Amino acid sequence: MQTILITWWLGYIGSHAAVVFANAGYDVVIVDNLSNSEIGVLEKINELVAKPVSFYKCDLRDKIELSKIFETHSIDAVIHFAGFKAVGESCEKPFLYYDNNVLGSIVLYELMVHYGVKNLVFSSSCVVYDSMHVDPPYTESTPLKTINPYASTKLMIEIMLQDLTMHLGFRVIALRYFNPIGAHPSGKIGESPRWVPGNLLPYIYWVLLGKYTYLSVRWNDYATPDGTCIRDYLHVMDLAEAHLCAFQSLKSLGTEKSNNAGSFDVINLGTGRGTSVMEMIQLTEKVTWKKLPYQICPRRPGDATSVYANPDKATTALWWKSTRSVEDAIRDGWNFIQSL
Ligand code: WQD
């Protein structure tokens, strides 16, 4: 049985992927410093899997503690979530992002080299594409340009991984996510922001719950059919399943520590369909049977007009395709939020 080390795994996407990997029969070892997640999520994950996952509270930058985990478990592959992910926060605190995301990755990859672990699935993002100058849909060869420190950390790590592939035989798939939303259909795990949510759907839920009086729609004069921005919203369970497909694809290249043939690939994870902010409001009202109050407010700095994927490569390279609708995601997310 293969052992998978999963970093930052008690957070939103990580917790869903942990369930998918454990239920596929892998031994799952989770490392998380709990800076952005709750330990209670571990109990929920274990309620959803047949075989409990192992958990270590450890910061990736703590080389000594992290190396103890590599000593204890014979790790075959790593699924790496780079940590913090709020665009706005990264502009205010860039060094927090360089330190946490980039330095954490450096320490992890150094230890992977030391312990001969070469297979890695890295969570990257559509934020690396030049959305200010290039129209969607975005393929993996769309020109890149980062406009905030969060996006830059993703690109820095991708570049680092290309070096490790060329010179140290790493086998890597970097998955570029579009906009993950929703929750596990059980309602046990999902996204529960600790602070005011920055992303659209979590904020919509807080309005529906009465924590805020209205949703601020960040302007309606964009060059889209209804004037509001368009994004590619992807169910988090589809996203989690894509990680398993990516790992299985890497596994077919071999997991032997003596195999020095490196490979690096980037793959978009999206649906290929764009949904505007106004359409999200309408779909939420339809799914929840609730009226969503909103006001048109000034633009959010740095917002791209329209961002959606060309997801064809994921189908050909990973045999993966999203299967759940935006309505499914809104419903599952709403069930989770109501259960809190
Ligand atoms: C969507 C739309 C807002 C809040 C996120 C992540 C980023 C990356 C991609 C993976 C925009 C509008 C929002 C609100 C609004 N994912 N909006 N009122 O900006 O695409 O970025 O997904 O790496 O990490 O941050 O998504 O959900 O913040 O915004 O009108 O209160 O909703 O202007 O057009 P975004 P979002």
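The values are calculated or read from the model by the stated rules, or taken from the named source; none is laboratory data. Small disclaimer: the values here were computed from a predicted structure and weren't measured. Cβ placement follows ideal geometry from the backbone for every residue including glycine, while neighbour counts extend to all protein chains displayed. All accessible areas refer to the heavy atoms of the entire protein, side chains included, with ligands and DNA or RNA removed. Shrake-Rupley method; radii C 1.70, N 1.55, O 1.52, S 1.80 Å.
Yes/no matrix, rows are residues, columns are (1) more than 14 Å from the ligand (Cβ to nearest atom); (2) among the charged types (D, E, K, R):
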| residue | (1), (2) |
| --- | --- |
| Ala151 | no, no |
| Leu164 | yes, no |
| Arg194 | yes, yes |
| Gly210 | yes, no |
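Matching residues to (1) at pLDDT 95 or above; (2) away from the ligand (no atom under 16 Å from the Cβ); (3) open to solvent by less than 80 Å² (accessible area, probe 1.4 Å):
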site: Gly254; (1), (2), (3): no, yes, yes
site: Gly262; (1), (2), (3): no, yes, yes
site: Val266; (1), (2), (3): yes, no, yes
site: Tyr294; (1), (2), (3): yes, no, no
site: Pro311; (1), (2), (3): yes, no, yes
site: Ala314; (1), (2), (3): yes, no, yes
site: Ser339; (1), (2), (3): no, yes, yes
Checklist entry - Can you find a residue in region 127-136 that is without any contact (Cβ under 8 Å) to a residue 60 or more places away in the chain and in contact with a Pro (Cβ under 7 Å, 6 or more places away or on another chain)? => result yes
Checklist outcome for this item: The lone condition Ala223 fails out of (1) open to solvent by 60 Å² or more (accessible area, probe 1.4 Å); (2) small (Gly, Ala, Ser); (3) assigned to a strand (DSSP E or B) is (3)
Item to check | Residue in region 162-170 that is in contact with a Lys or Arg (Cβ under 9 Å, 6 or more places away or on another chain) and surrounded by fewer than 18 Cβ atoms within 10 Å (Cβ to Cβ) present | outcome: yes
Checklist entry - Which residue, of Leu250, Leu244, Leu234, Leu239, is open to solvent by less than 30 Å² (accessible area, probe 1.4 Å) and modelled with pLDDT under 95? => result Leu250
Next on the checklist: Looking at the structure I just gave you, is Tyr177 among the hydroxyl-bearing types (Ser, Thr, Tyr), near the ligand (Cβ under 8 Å from one of its atoms) and modelled with pLDDT under 95?
Outcome noted: no
Checklist outcome for this item: The lone condition Ser125 fails out of (1) within 15 Å of the ligand (Cβ to nearest atom); (2) over 15 Å from the mean Cα position of the chain (by Cα); (3) at pLDDT 95 or above; (4) not β-branched (Val, Ile, Thr) is (2)
Checklist entry - How about region 1-81: which helices (runs of 4 or more DSSP H) wholly inside it have at least 2 residues that are out of contact with any Cys (no Cβ under 9 Å at 6 or more places or on another chain) and open to solvent by 60 Å² or more (accessible area, probe 1.4 Å)? => result 40-48, 63-72
Checklist entry - Of the residues in region 138-169, how many are out of contact with any strand residue (DSSP E or B) (no Cβ under 6 Å at 6 or more places or on another chain) and within 26 Å of Val113 (Cα to Cα)? => result 15
Checklist entry - Does region 28-39 include one or more residues that are under 19 Å from the mean Cα position of the chain (by Cα) and among the charged types (D, E, K, R)? => result yes
Checklist outcome for this item: Here the residues within region 278-299 that are under 24 Å from Pro137 (Cα atoms) and more than 22 Å from the chain's Cα centre (by Cα) are Met278, Glu279, Ile281, Gln282, Leu283, Arg299
Next on the checklist: For the list (1) more than 22 Å from Ala86 (Cα to Cα); (2) without any contact (Cβ under 8 Å) to a residue 12 or more places away in the chain; (3) within 12 Å of the ligand (Cβ to nearest atom), I need the number of the one condition that Asn220 fails.
Outcome noted: (2)
